[in-house]
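Here is the structure we will look at, set down as C-alpha cells.
The values are calculated or read from the model by the stated rules, or taken from the named source; none is laboratory data. The structure presented is a predicted model; accordingly, all values stated were derived computationally and were not measured. Neighbour counts are summed over all protein chains in view; Cβ atoms, including those assigned to glycine, are modelled from backbone coordinates with ideal geometry.
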Amino acid sequence: MMRRPPRPRAYAPDPAAPGRACDSPDCPAAGEYRAPKSRTHLNDYYWFCLAHVRAYNAGWDYYKGMSPSEVEAELRADTSWQRPTWPLGHGGGTTAWDDDMLRDPLHVLAAGRANQAGRRDPQKPPSELREPLATLGLSWPVTLDVVKSRYKELAKRHHPDANGGSRDAEERLKTINLAYAALRSRLGNTARMAATG
C-alpha cells in the first residue's frame, strides 16, 4: 500500500524564504514567514519568524483607514475578482456590440436580431394570418372557439350541396378550409405553448 506524502502544515515555513533574519527589531530568529507590508503593496513582504508573523497577522486589518464607502466599493470589486464589469450588450463602453466587433459564421446572432426586429404590436395580426382572417371575415385578436364557430357557419353557407353543386361555391369552400387550417394550427400551437409554459 502506497503512503501519501505528508501535507505541509499550515504554519510550515515558506519554501521561498530568502534565508535572512526576522524583520522584527532585535529578533535573531530566521525570517521564514512572509506578510504583506501594506494594503497597497500586497506583493511586497516582511519576513518574520513564526512568533512575530502571528503577532503581525493578529494586528493586520486590511480595511484599516478606509471609509465605509471605500470598504463597500472594495467588497463590490471583490465579487468580480477586481475585474471591470458593465451591463450586458455593452463591450465595456456605452455602445452596443456592432457587426464589426463580432464574427458570426453561423448567423446565430443575426437570427436574434431578426427576432428582435420582428417583435410586433399584439393588436396587429401576424403577417401570415392576415389573409386567413380576411377570408373568414374575422378581426385580430381572435380565439380558437370564435374561429371554429365562424368556420362552421361559412362551411354550411358555401358548401356545394347547399348551392346546387356550384363550382364557385366549391372553390370558395376550399379557400375557407385553407384559411381555417392556418388559423387552427397557429392558435392551437399558441394555446399548447401557453398551457405548458
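Some observations on this one:
- Members of the stretch 19-70 that are under 21 Å from GLN82 (Cα atoms), among the charged types (D, E, K, R) and outside any helix (DSSP H, G or I): LYS37, ARG39, ASP44, ASP61, LYS64
- The criterion of being surrounded by 10 or more Cβ atoms within 10 Å (Cβ to Cβ), at pLDDT below 85, assigned to a loop (DSSP other than H, G, I, E, B) and not assigned by TED's automatic domain parsing to the domain that holds ARG186 holds for ASP104.
- Residues of the stretch 8-45 that are under 47 Å from the mean Cα position of the chain (by Cα), hydroxyl-bearing (Ser, Thr, Tyr) and surrounded by 17 or more Cβ atoms within 10 Å (Cβ to Cβ): TYR33, TYR45.
- Checking each residue of the stretch 54-64 against the condition of being more than 24 Å from ARG20 (Cα to Cα) and either at pLDDT 90 or above or of a type in the set (D, E, K, R) (or both) gives at least one match.
- Restricting the stretch 46-67 to residues that are among the small types (Gly, Ala, Ser) and farther than 19 Å from ALA12 by Cα, the residue that is farthest from the chain's Cα centre (by Cα) is GLY59.
- Pick from the stretch 143-168, criterion hydrophobic (A, V, I, L, M, F, W, C) and at pLDDT 85 or above, ranking: nearest to ARG186 (Cα to Cα): LEU144
- Tally of residues being in contact (Cβ under 8 Å) with a residue 24 or more places away in the chain and out of contact with any Leu (no Cβ under 9 Å at 6 or more places or on another chain) across the stretch 156-184: 2
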